[in-house]
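The values are calculated or read from the model by the stated rules, or taken from the named source; none is laboratory data. All of these numbers come straight from a predicted model, not from anything done at the bench. Positions of Cβ are backbone-derived with ideal geometry, glycine not excepted, and every protein chain shown enters the neighbour counts. We work out accessible area using only protein heavy atoms, side chains counted, and drop any ligands, DNA or RNA first. Shrake-Rupley method; radii C 1.70, N 1.55, O 1.52, S 1.80 Å.
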Amino acid sequence: MPISIRKNQENKFVGNLPANEVSGTLTKVKVSLGWIALTTLHGDFDLDLSAVLIGKETKELVFYGNTQPQYSGVKHSGDNTTGGDENEIIIVDLQQLPANMQEVVFIVSLHESGTKRQTFGKCGEAFVSIADGEKDETIYELDLDDFGSATVLLFGSVKRNTQNRWQWKPIAAGKNDLLEKITQQQYQVDTGKYKFTKEPQKKESPKFHFWCRHCGVKLQAKESTIGRSNACPGCKKTVVIERNTPPKPSAPPPPSTPEEYFNLAMQFLHSRNVGEALKNCRTAAEAGHAEAQYKLGTYYYAGSGVPEDHQEAGKWLRKAALQGHVKAKNLLDELEAKQKSPVPTLPPLPNPPKNQVSEEKAGCAGSGCGCLTWYVAGTILIAAGIPKELAYGIAVIIGAAVGVIMIYLLIDKFKKP
């Protein structure tokens, strides 16, 4: 668990600062500085992490102006002005320090704080921590915004004790001063041999998108590289970096096979362009495409997009059926069945034979005689006082008998030459 401290009512830091808690266990330490990059009217926040190496005879400042000290056991990650998590780091391998090295003090400072009118309290979220480099465990951590108007923080130090062991010593002292003055006045470091100004960082050239003239793939490049040549990652061809617009989609190549014509016809049909669909379908059908022939036959059969023409439909369906198209064969059978007349035309009847006409005339004459006899007989019987129903019954029998007799007599008469 990291050790934390707090302020009391007098704005002084209090809390548990056990200097001996890690005594005798440290062989390597890692100090980390991080902050969220904020921008004010006077510029961006630029925090720096430094270390003062204090020996019996020599003193050295490790900071952004001296990131490669003479001792191999000390490593500075380098200057960083953008902010972020663990933006600047100093690692000290205590076992590699010379025997005359007594203490390493860690300092956090605000670069150009006077010019930019910045303090830790205005920085926002910022922290500094120290961790056991061997165990990778945080020993101590501070939030920099707790130091209000301070511009330099004496974070703490690792110090060699009388038993030749290293122990952590928290300091947590905020100062309103500059890094070079603090190190010179408090630790007697010869700051004249160091450069505390920074070269203005070159701003990254903005990036833009452009398109390969060969394959049309979208690429990205910096403004500073305009005019240079590079290999396109898409087509591997050499392309000149330039500002251009996306290439217009090129028209697809015209169809060259019956299958391509048929596929194009289906695309036009899907987009409801019936005229182009029929045009390409006919081209494919004329080239022998069975499915196109079947489709064209169905259009003529149903009158879809073309006038209904069963003869034309049969022509294309027959061509598709000859290529083994099952649906075309079935529709062709249906079409041929419909073309047959449901009532066949009968030939004219021949003239009936002479004796057949005589028998028909005899039958008609005999029937007339029977009917007359039935009427006369019925009238006489009713006049004689016989009931009407009974009189009609007897008259029918008499009329039928007389009619049969007359038919035979007349037939015999007509048969005589």
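Observations, loosely collected:
- Scanning the range 73-88 for residues that are open to solvent by less than 30 Å² (accessible area, probe 1.4 Å) and within 19 Å of residue 105 (Cβ to Cβ) yields 73, 74, 76, 88.
The rows are residues; the columns are (1) closer than 17 Å to residue 95 by Cα; (2) in contact with a strand residue (DSSP E or B) (Cβ under 7 Å, 6 or more places away or on another chain).
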site: 125; (1), (2): no, yes
site: 129; (1), (2): no, yes
site: 150; (1), (2): no, yes
site: 158; (1), (2): yes, yes
site: 162; (1), (2): yes, no
site: 177; (1), (2): no, yes
site: 185; (1), (2): no, no
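- Here residue 303 fits the description: free of Cβ contacts under 8 Å to residues at least 24 places away in the same chain, open to solvent by 20 Å² or more (accessible area, probe 1.4 Å) and at positive phi.
- Residue that is nearest to residue 44 (Cα to Cα) [pool: residues in the range 149-170 that are outside any strand (DSSP E or B) and open to solvent by 30 Å² or more (accessible area, probe 1.4 Å)]: 149
- Selection over the range 99-126 of residues that are open to solvent by 40 Å² or more (accessible area, probe 1.4 Å) and modelled with pLDDT of 90 or more gives a count of 1.
- Residue satisfying all of: in the range 234-249; open to solvent by 90 Å² or more (accessible area, probe 1.4 Å) and assigned to a loop (DSSP other than H, G, I, E, B); modelled with the lowest pLDDT among these: 249
- Residue identified as of a type in the set (Ser, Thr, Tyr), touching a Phe, Trp or Tyr at 6+ places or on another chain (Cβ under 7 Å) and over 30 Å from residue 286 (Cβ atoms) among 157, 229: 157
- Where strands (runs of 3 or more DSSP E) fall wholly inside the range 25-115, the ranges with 1 or more residues that are among the hydroxyl-bearing types (Ser, Thr, Tyr) and within 17 Å of residue 131 (Cβ to Cβ) are 28-35.
- Residues of the range 214-259 that are touching a helix residue (DSSP H, G or I) at 6+ places or on another chain (Cβ under 8 Å) and among the acidic types (Asp, Glu): 259 alone.
- Hey, residue 219 open to solvent by less than 80 Å² (accessible area, probe 1.4 Å) and touching a residue at least 24 places away in the same chain (Cβ under 8 Å) or not: no
- Among the residues of the range 237-251, those identified as touching a residue at least 12 places away in the same chain (Cβ under 8 Å) and touching a Gly at 6+ places or on another chain (Cβ under 9 Å) are 240, 241, 242, 246, 247.
- Residue 21 being modelled with pLDDT under 80 and either closer than 16 Å to residue 189 by Cα or part of a strand (DSSP E or B) (or both): no
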